[in-house]
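The values are calculated or read from the model by the stated rules, or taken from the named source; none is laboratory data. Keep in mind the model is a prediction, meaning the values are calculated, not measured. Every residue, glycine as well, gets a Cβ built from its backbone with ideal geometry; the counts of neighbours run over all protein chains shown.
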Amino acid sequence: MAIRRVLRMGHPLLRQVARELAPGEIGTAAFRHLIADMVDTLHDYGGIGLAAPQVGESLRVALIEFRGGPTRYGELAAMPLTVFVNPEIEVLGPETAGNWEGCLSVPGLRGWVERPQHLRLRYTSDQGEARQLELRGFPATVVQHEFDHLDGRLYIDRMTDMRRLVFERELERHPP
Ligand code: NI
């Protein structure tokens, strides 16, 4: 398998609406190859999520993986490596929270984004099974960020105060 180059903001593919996978496409050799490449790429770049359009495939596939414990986002429950095919989000509650989001396609920057914090997901697993998952808090933020990529959106589009778009290094030097 292979580490792919992550497309950066400005590449038009990041602004396309990706297409759904047909059931017959899930589990094929080409599909498994793409997932393996995305896992390798996520690990190499050190991210917590990656969407297929970021590696040049305009398909509705994203994966997320993060360890639990103390992080720069606070104390987190872990999310083991999970592949989401054709995901859909239903917002279940009014609560929102903000985070300093980053993106492998927007390297070096962070932006403050507020998002709903209580969701239900419906998606197809990498085994082709229909799944549901209820999420609260930071994992809800991560899935919304990743699934936005499938609609050609970047976190910057969700910002309401562009003064809170900063360089990561400066954010570390000058925590708010
Ligand atoms: Ni991203």
Using the structure shown, decide if Pro53 is within 18 Å of Ile156 (Cα to Cα) and either without any contact (Cβ under 8 Å) to a residue 12 or more places away in the chain or buried (at least 16 other Cβ atoms within 10 Å of the Cβ) (or both). yes
Can you tell me which of (1) surrounded by 14 or more Cβ atoms within 10 Å (Cβ to Cβ); (2) more than 13 Å from the ligand (Cβ to nearest atom); (3) under 27 Å from Leu21 (Cα atoms) is the one His145 doesn't meet? (2)
With the first residue restricted to the stretch 140-161 and required to be closer than 14 Å to Pro116 by Cα, and the second required to be near the ligand (Cβ under 10 Å from one of its atoms) and modelled with pLDDT under 95, Cβ contacts under 8 Å at 6 or more apart or on different chains are Val142/Ile48
Has the stretch 75-86 got any residue that is exposed (fewer than 14 other Cβ atoms within 10 Å of the Cβ) and of a type in the set (S, T, N, Q)? no
For the stretch 29-50, the count of residues that are more than 16 Å from the ligand (Cβ to nearest atom) and either hydroxyl-bearing (Ser, Thr, Tyr) or loosely packed, with under 13 Cβ neighbours inside 10 Å (or both) equals 4
Collect the residues in the stretch 99-122 that are free of Cβ contacts under 8 Å to residues at least 40 places away in the same chain and exposed (fewer than 15 other Cβ atoms within 10 Å of the Cβ), keeping them in residue-number order. Arg120, Arg122
Please indicate, with yes or no, whether at least one residue in the stretch 129-136 is at negative phi and either within 11 Å of the ligand (Cβ to nearest atom) or in contact with a Pro (Cβ under 8 Å, 6 or more places away or on another chain) (or both). no
